[in-house]
Amino acid sequence: SFFTFTVIRSGLSTGTTTVNYAVTGSTTNKASAADFSGNILPAGSLSFAAGVTSKLLTITVVGDTVAELNEGFMVTLSAPSPFASITTTSASGTIQNDD
(Lines give C-alpha, C1' and ligand atoms only; values in the text may rest on other atoms or scores of the structure.)
Protein backbone atom coordinates (compact mmCIF):
# COMPACT_ATOMS: atom_id res chain seq x y z
CA SER A 1 0.00 0.00 0.00
CA PHE A 2 1.05 3.59 -0.16
CA PHE A 3 0.56 7.08 1.23
CA THR A 4 0.24 10.11 -1.02
CA PHE A 5 1.14 13.60 0.15
CA THR A 6 0.50 16.75 -1.88
CA VAL A 7 3.32 19.28 -1.84
CA ILE A 8 2.08 22.72 -2.88
CA ARG A 9 4.25 25.46 -4.30
CA SER A 10 2.99 28.98 -3.76
CA GLY A 11 4.22 32.43 -4.69
CA LEU A 12 6.21 33.06 -7.84
CA SER A 13 6.24 29.93 -10.01
CA THR A 14 8.08 31.12 -13.09
CA GLY A 15 11.30 29.17 -12.45
CA THR A 16 12.26 25.65 -11.44
CA THR A 17 12.18 24.88 -7.71
CA THR A 18 13.35 21.81 -5.81
CA VAL A 19 12.88 20.60 -2.26
CA ASN A 20 14.28 17.56 -0.46
CA TYR A 21 12.16 15.12 1.55
CA ALA A 22 13.03 12.46 4.12
CA VAL A 23 10.95 9.93 6.04
CA THR A 24 11.66 9.14 9.69
CA GLY A 25 9.86 7.06 12.28
CA SER A 26 7.70 9.03 14.71
CA THR A 27 5.40 8.51 17.70
CA THR A 28 5.95 5.89 20.38
CA ASN A 29 5.78 3.03 17.84
CA LYS A 30 8.12 4.26 15.14
CA ALA A 31 8.08 2.92 11.62
CA SER A 32 11.46 1.55 10.53
CA ALA A 33 13.20 0.93 7.23
CA ALA A 34 11.65 -2.56 7.12
CA ASP A 35 8.20 -0.96 6.77
CA PHE A 36 9.03 0.70 3.43
CA SER A 37 9.74 -0.44 -0.11
CA GLY A 38 13.39 -1.34 -0.62
CA ASN A 39 13.92 -1.80 3.12
CA ILE A 40 15.09 1.83 3.44
CA LEU A 41 13.58 4.99 4.85
CA PRO A 42 12.43 6.93 1.76
CA ALA A 43 14.27 10.13 0.85
CA GLY A 44 14.79 12.17 -2.28
CA SER A 45 13.81 15.42 -3.90
CA LEU A 46 10.87 16.90 -5.74
CA SER A 47 11.38 19.23 -8.66
CA PHE A 48 8.76 21.73 -9.77
CA ALA A 49 9.03 22.90 -13.38
CA ALA A 50 8.12 26.48 -14.21
CA GLY A 51 4.38 26.99 -13.78
CA VAL A 52 3.84 23.77 -11.76
CA THR A 53 2.29 24.48 -8.37
CA SER A 54 1.71 21.01 -6.88
CA LYS A 55 3.38 17.62 -6.88
CA LEU A 56 2.31 14.29 -5.42
CA LEU A 57 4.79 12.50 -3.19
CA THR A 58 4.01 8.79 -2.90
CA ILE A 59 5.53 6.76 -0.06
CA THR A 60 5.21 2.99 -0.53
CA VAL A 61 4.88 0.82 2.57
CA VAL A 62 5.44 -2.93 2.70
CA GLY A 63 2.92 -5.16 4.42
CA ASP A 64 3.97 -8.01 6.63
CA THR A 65 2.27 -10.76 8.61
CA VAL A 66 3.59 -9.68 12.01
CA ALA A 67 0.96 -8.62 14.53
CA GLU A 68 2.23 -5.28 15.80
CA LEU A 69 1.01 -1.89 16.93
CA ASN A 70 0.24 0.88 14.46
CA GLU A 71 3.48 2.60 13.44
CA GLY A 72 4.00 6.30 12.82
CA PHE A 73 6.22 8.14 10.40
CA MET A 74 6.96 11.73 9.44
CA VAL A 75 7.78 13.18 6.02
CA THR A 76 9.95 16.28 6.39
CA LEU A 77 10.78 18.81 3.68
CA SER A 78 14.14 20.62 3.67
CA ALA A 79 16.71 22.47 1.56
CA PRO A 80 14.44 24.41 -0.81
CA SER A 81 15.97 26.00 -3.89
CA PRO A 82 17.49 29.46 -3.44
CA PHE A 83 14.84 32.16 -3.02
CA ALA A 84 12.24 29.54 -2.02
CA SER A 85 10.95 28.78 1.46
CA ILE A 86 8.98 26.01 3.16
CA THR A 87 5.74 26.97 4.91
CA THR A 88 4.70 23.54 6.20
CA THR A 89 7.80 21.48 6.90
CA SER A 90 6.28 18.10 7.76
CA ALA A 91 3.32 15.76 7.55
CA SER A 92 2.66 12.52 9.37
CA GLY A 93 1.30 9.11 8.47
CA THR A 94 0.27 6.00 10.40
CA ILE A 95 0.81 2.48 9.12
CA GLN A 96 -2.19 0.56 10.43
CA ASN A 97 -1.72 -2.97 11.73
CA ASP A 98 -3.75 -5.25 9.47
CA ASP A 99 -2.72 -8.63 10.85
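The values are calculated or read from the model by the stated rules, or taken from the named source; none is laboratory data. Small disclaimer: the values here were computed from a predicted structure and weren't measured. No Cβ is skipped: glycine too gets one built from the backbone with ideal geometry, and neighbour counts run over all protein chains shown. SASA here: full protein model, heavy atoms, side chains in, ligands and nucleic acids out. Shrake-Rupley method; radii C 1.70, N 1.55, O 1.52, S 1.80 Å.
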Please give the number of the condition residue 99 fails out of (1) more than 18 Å from residue 26 (Cα to Cα); (2) modelled with pLDDT of 90 or more. (2)
Taking the options 41, 56, 77, name whichever one is of a type in the set (A, V, I, L, M), more than 29 Å from residue 13 (Cβ to Cβ) and modelled with pLDDT of 95 or more. 41
Contact list, first residue from region 60-84 and on the phi > 0 side of the Ramachandran plot, second anywhere and β-branched (Val, Ile, Thr), beta-carbon distance below 7 Å, six or more apart or interchain, is 79/19
Looking at region 16-51, which of the residues that are of a type outside the set (S, T, N, Q) and touching a residue at least 60 places away in the same chain (Cβ under 8 Å) is nearest to residue 63 (Cα to Cα)? 35
Limited to region 8-34, what total is found for residues that are open to solvent by less than 50 Å² (accessible area, probe 1.4 Å) and under 17 Å from residue 70 (Cα atoms)? 5
